[in-house]
Every structure is written in C-alpha cells, then in structure tokens.
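Please read the structure below before turning to the comments.
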Amino acid sequence: MAALGRQLDVLPLEATHVMVAASLISITLNPLLYKLTKPTARWLLRYVGRNNVDDAQPASEAEDSSHRAVVVGYGPVGKLVWLRRARLDRARDRVRQELVESGAS
C-alpha cells in the first residue's frame, strides 16, 4: 500500500516510512497480544467478579454456549450482519412457535 501511494505520488516519503514502521510493529506485537488473550480474560473475570457483577460468566458456563459471535464494529457491514441475524432469529422463533401450536414439536 505504501509503495502504491508513493507510485501515485499521494504519499510523502516520511509517511511511507511511518507506515512501514507501524506495519512492522503490528506484525511483531500481534503474536504476543494473541498469547495474552487468555490471561487477560482470566484477569478480567477475576476483576469483574470482585465487583459483584452477576451476569459475568465464562462462555463455558453460559446456558447456551453453542451460539457465540464476536461483532467487531457497527459500521455498514456490521449493521447488515446484525439485521440479517435478527431476522433469522425472529423467523426461527416463529417456526418454533408454529410447531408448538400445531403439536408437531
């Protein structure tokens, strides 16, 4: 991307150096941050537990842990995904209700 910016003469040389440096730092730190996710999650659970928040529980103890999702951002794509998921959930609930009412469950 930096090379393309330089080719099109829309990115100054200094910005190219900053982009390359930021990329190298990101590539270097990413594995470390990934390894820290579990310890950080354990620390957060302990911290939340100390503050007596009742609804904080690990996913393994959740009632229905078969359906999990991580939504990152709520831009145009996130909204679309959320809306479609909400429609699917409502449709599933209607089908279940109709099955219960018809006695075909």
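Any read-out appearing in this document is the output of simple, stated calculations on the displayed coordinates, not a laboratory observation. Computed from a predicted model, the values in this text were never measured in an experiment. Because the Cβ atoms are built from the backbone with ideal geometry, glycine has one as well, and the counts that use them run over all protein chains shown.
Listed values, structure above:
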| quantity | calculated |
| --- | --- |
| Simple label model, 7 Å out from Cα along Cβ direction - ALA86 to MET19, nm | 3.7 |
| Estimated distance in nm for a label pair at LEU45 and VAL77, the labels positioned 7 Å out from Cα along Cα-to-Cβ | 3.0 |
| LEU99 versus THR37: modelled label distance in nm, points set 7 Å from Cα along the beta carbon direction | 3.2 |
